[in-house]
Amino acid sequence: MPTTPKGSLTVTLDGTNRTTTLPLLGGTIGPEVADIRRLYSDLGVFTYDIGYGGTAATESRITYIDGDEGILLYRGYPIEQLAENSNFLEVSYLLLYGELPNAAQMAEFTHGVTNHTMLHEQIRRFFEGFRRDAHPMAVMCGVVGALSAFYHENLDTSDPRQREIAAFRLIAKVPTIAAWAYKYRVGQPLMYPRNDLGYAENFLYMLNAVPTEPWKSNPVLSKAMDLIMILHADHEQNASTSTVRLIGSTGANPYAAVAGGIAALWGPAHGGANEAVLKMLAEIGTPENIPDFIAQVKDKGSHTKLMGFGHRVYKNFDPRAKIMKETCHAVLAELGIKNDPTLAMAMEMERIALEDDYFVSRKLYPNVDFYSGIILKAMGIPTEMFTVLFAVARTVGWVSQWKEMIEDPAQRIGRPRQIYTGEAPRDYAPLDTRG
Ligand code: CMC
């Protein structure tokens, strides 16, 4: 559905008679948006919006968030329904193509993705170039970016079929790269993908199996991993997705664009938060220390953040965090983990924070990362792999958004403006005249 005109907004430059009327646009749902594209040509002024908190950079049909109501929709379907009834590959199809697949489409898509899970053998050799103690996100950035060296010369992104194959390759290969980054780090043999396993199950296999022992799939863990992947699959124009779009807008290779997305995701303010939550809980140590830590967070001079809390868009609750918390309890119960001290700390932290005016007045609630780390830890996933897992799941979102951008006739290169606050023009002075 294209945007619809919703009236207009008249802007007048104070103290002058210069005025312009900007169209107001509406999407399917959500607030009206002032189309400011003519503002500079009409009035000679730009808009200023650090962090783009009030700026839409694109139209998109993929994901909708209502931050006040705590609503997240993928292609119109509530995340709660998808989490309960769907699976990650079906959600991937939905994000990429816009509709849920029928049985034949699902079978064809599954075949398309599983056919691309292997990496070129030359890529295997890349891993040996990294230090063993390199963070797996650094390895992810490097190796996913390196895919562009294998699929570049003949890649014509104006061809829909080639775009589709690039999407299949990325969705299929990223779990293999992620698992190998981990195996290399711990010095174990790299496990080749098994196409007879489900997507999440194969990822767990490549992470946990060793060639010397039979590997037994645990359906509860595979299901939990699949659910975590659904919850992380897309989140509209967040920092990493906007990075992928910005890189892609130049016509760059999509594998290189996704490597840029991985780099953006790594930061602790974004996907790196799940790892940071566990580190924070470990540093706090015991529940008695929580009040002191909260006091530190509230002290502006300390620059300490309560990791896993707050969100640019959600100002009520993060619906993913709600599902994640329920799953966390279910997974721990299934694994027979009773009285998990990390979960107990997290729940106490949540309770204290949600009663504290600092967090209440700023509308800071637990986000998806607050509980995901605890589940992943219980599942035996090493802490440094948490953000990597987020990257594996988000790859389909990045690719869907990249594809949508390429297919949008209104697409232009992304190029923000600035307010220049440097020196006014001045003349060069020769070295021997400078004091
Ligand atoms: N702990 C303490 N204070 C906070 C926090 C926090 N986690 N988050 C925001 N605030 C304060 C912030 O200092 C500011 O206070 P004041 O108005 O007094 O200056 C106020 O709340 C508004 O925050 P903001 O910095 O304007 O919010 P933002 O939209 O720029 O940042 C955020 C959003 C997610 C980066 C931030 O909340 C944060 O750093 N949270 C911790 C990291 C985290 O959990 N990130 C994961 C986000 S969800 C998954 C993902 O996107 O990958």
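The values are calculated or read from the model by the stated rules, or taken from the named source; none is laboratory data. Keep in mind that what you see is a predicted model, and the values were worked out from it rather than measured. Cβ atoms come from the backbone with ideal geometry, glycine included; neighbour counts cover every protein chain shown. Calculation scope for accessible area: heavy atoms of the full protein, side chains included, ligands and nucleic acids excluded. Shrake-Rupley method; radii C 1.70, N 1.55, O 1.52, S 1.80 Å.
Multiplying the sequence separation of A295 and Q411 by 0.36 nm and subtracting their Cα-Cα distance, what value in nm do you get? Each step should come with its number before you reach the end.
Details: separation 116, 0.36 × 116 = 41.76 nm, distance 4.68 nm.
Length difference between fully extended and current span is 37.1 nm.
Divide the volume of the convex hull of the Cα atoms of region 7-56 by its number of residues and quote the answer in cubic angstrom per residue. Don't jump to the answer; show the numbers that get you there.
Numbers: hull volume 4.3 nm³, N = 50.
Hull volume normalised by residue count: 86 Å³.
Using Cα pairs closer than 8 Å and at least 6 residues apart in sequence, work out the relative contact order for the chain, in percent. Provide the component values of the computation, followed by the final result.
Numbers: 582 pairs, mean separation 84.0, N = 435.
Reported relative contact order: 19 percent.
In debye, nearest 20, what is the charge dipole magnitude of region 59-412 about its Cα centre with +1 on Lys and Arg Cβ and -1 on Asp and Glu Cβ, if you could check?
Working: 33 positive and 41 negative charges, 158 e Å.
Rounded to the nearest 20 debye, it is 760 debye.
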Practice item. Run the 1.4 Å probe and let me know the accessible area of Y151, rounded to the nearest 10 Å². Key: 40
Study note, to complete from the structure: Residue-normalised value, i.e. accessible area per residue, for the chain at 1.4 Å probe, in Å², stands at 51
Point to revise | FRET efficiency, 1/(1 + (r/R0)^6) with R0 56 Å, evaluated for K338 and T16 via beta carbons | key: 0.20
Practice item. Please name whichever of A273, V331, V297 sits farthest to the positive end of the charge dipole of the chain, dipole taken about the Cα centre and charges placed at Cβ: Lys and Arg +1, Asp and Glu -1. Key: A273
Exercise for review: Report, to the nearest whole %, how much of the accessible area of region 7-56 belongs to carbon and sulfur atoms, 1.4 Å probe, protein only.
Suggested key: 55
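For a 26 Å ceiling on Cα separation, which of these pairs sit above it: K322/K403; K223/K363; K305/K325?
Details: K322/K403 30 Å; K223/K363 32 Å; K305/K325 21 Å.
Exceeds cut-off: K322/K403; K223/K363.
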Exercise for review: Per DSSP H run of at least 4 residues, take -39500 (n - 2.57); add these up for the chain, divide by its residues and hand me the 222 nm value, nearest 500 deg cm²/dmol.
Suggested key: -15500 deg cm²/dmol
Exercise for review: Please give the contour-minus-distance gain from E283 to A149: 0.36 nm per residue of separation, less the Cα-Cα distance, rounded to one decimal in nm.
Suggested key: 44.1 nm
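Sort region 33-189 into rounded, prolate or oblate with this rule: let a ≥ b ≥ c be the square roots of the eigenvalues of the Cα gyration tensor; rounded if a/c is under 1.5, and if a/c is not under 1.5, prolate when a/b is larger than b/c, oblate otherwise.
Cα axes put region 33-189 in the prolate bin.
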Study note, to complete from the structure: Note: Q188 to V360 extended length (0.36 nm per residue) minus current alpha-carbon separation gives 57.3 nm
Review point. What whole number of Å gives the distance from the Cα centroid of region 66-88 to the Cα centroid of region 390-423?
Key: 23
Study note, to complete from the structure: Straight-line reach check, K315, cutoff 17 Å on alpha carbons, 8 or more apart in-chain or any other chain, hits among aspartates and glutamates -> D66, D68, E69, E236, E350, E355, D356, D357, D369
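Could you sort F109, F130 by accessible area so the largest value comes first, with the probe set to 1.4 Å?
Numbers: F109 5, F130 55 Å².
Largest to smallest exposure gives the sequence F130, F109.
Can you check what the net charge comes to around I230, using other residues whose Cβ is under 11 Å from the Cβ of I230 (Lys, Arg +1; Asp, Glu -1)? All intermediate terms of the calculation are to be shown ahead of the outcome.
On the way: positive: K223, R320; negative: E80, E84, E90, D226, D234.
Local net charge: -3.
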Review point. At a probe size of 1.4 Å, how large is the accessible area of W215, to the nearest 10 Å²?
Key: 70
Check your understanding: Based on the Cα gyration tensor of the chain, what are the three equivalent ellipsoid semi-axes, each the root of five times an eigenvalue, rounded to whole Å and given largest first?
Key -> 37, 29, 25
Point to revise | Of all accessible heavy-atom area on region 320-435, the percent that carbon and sulfur account for (1.4 Å) | key: 52
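Using heavy-atom solvent-accessible surface (probe 1.4 Å) with all chains present, what is the largest-first order of R132, R125, R18, R194?
Final ranking, largest accessible area leading: R125, R132, R18, R194.
Can you work out the FRET efficiency for the pair E99 and V313, with r the C-beta to C-beta distance and R0 = 25 Å, to the nearest 0.05? The partial results should precede the final answer.
Working: r = 25 Å, r/R0 = 1.01.
Efficiency, rounded to the nearest 0.05: 0.50.
Using 1/(1 + (r/R0)^6) with R0 = 25 angstrom and r between the beta carbons of A252 and T55, what's the FRET efficiency to the nearest 0.05? Walk me through the numbers on the way to the answer.
Working: r = 23 Å, r/R0 = 0.90.
Rounded to the nearest 0.05, the efficiency is 0.65.
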Check your understanding: How much of E121 can a 1.4 Å solvent probe reach, expressed as accessible area in Å² and rounded to 10?
Key -> 90
Review point. Is region 163-295 rounded, prolate or oblate when judged by the Cα gyration tensor, a ≥ b ≥ c being the square roots of its eigenvalues, rounded requiring a/c under 1.5 and prolate requiring a/b larger than b/c?
Key: oblate
Exercise for review: Taking the dipole about the Cα centre of the chain, with the C-beta of Lys and Arg at +1 and of Asp and Glu at -1, give me whichever of M405, Y93, P425 is farthest to the positive side.
Suggested key: P425
Review point. Cα axis of helix 219-232 to longest principal axis of the chain: angle in degrees, 0 to 90, nearest 10?
Key: 10
Practice item. Please name which of F130, T117, H235 has its Cα lying farthest along the dipole of the chain towards the positive end, using unit charges on Cβ (Lys, Arg +1; Asp, Glu -1) and the Cα centre as origin. Key: F130
